[in-house]
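Each remark here refers to the structure printed beneath this line.
Every read-out reported here was derived from the displayed coordinates using simple, explicitly stated rules and does not represent laboratory data. Please read all numbers here as calculations on a predicted model, not as lab measurements. So basically every Cβ, Gly included, is an ideal-geometry build from the backbone, and we count neighbours across all protein chains shown.
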Amino acid sequence: MSDTVAYSLLVYTALQIFVTLRTLEGEGGSMLPMLALIVLVAGIIPMFRHFERRWESLSDTKASDPALLADFRRDQLAIWAVAIGVPFLLAAVFRTLVSLA
C-alpha cells in the first residue's frame, strides 16, 4: 500500500500543477496558485495516510491473506480515483466559478 500511496501522491501533485493550477493562473505573478497547491496536497496526505495505516498495521502473513485481496484492491482503487479525479473536479469547479464571475 505504501507504493500505491507514494505513486498516487506524485500523480495527484502533477495533475494539480498541470490541470488545476493552469485554471487558477492569472496574468499577474500571484502566489495564490502555489498556496492553493500546498493546501490541496497537504489536505490529501492525511486521507492517503489513513489507507496506508490500515495495511501497515497487519503482519505480512495476515496482509497476504487472499480473503483481504478484495479490500486491498478497493482501497487501491479509492486512492487512485481520488488522486486522478480530484484535480479534474477542482479544475471544473474553478472554471465554472470563473465563468460565473
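Label-to-label distance, residue 41 versus residue 88, with points set 7 angstrom from Cα along the beta-carbon direction: 2.2 nm. Between residue 6 and residue 97, the FRET efficiency from the beta-carbon distance, with R0 = 41 Å, is close to 0.80. A Gaussian network model of the chain, with springs between Cα atoms under 10 Å, assigns the largest mean-square fluctuation among 69, 37, 15 to 69.
Got the relative contact order for the chain handy, in percent, Cα pairs under 8 Å and 6 or more residues apart? 54 percent. Debye sum, Cα scatterers, the range 2-100, no solvent: what log₁₀ I/I(0) at q = 0.14, 0.25 1/Å? Each listed q maps to, in turn, -0.60, -1.29. Summing Lys and Arg as +1 and Asp and Glu as -1 over all other residues whose Cβ lies under 13 Å from the Cβ of residue 5 gives a net charge of -1.
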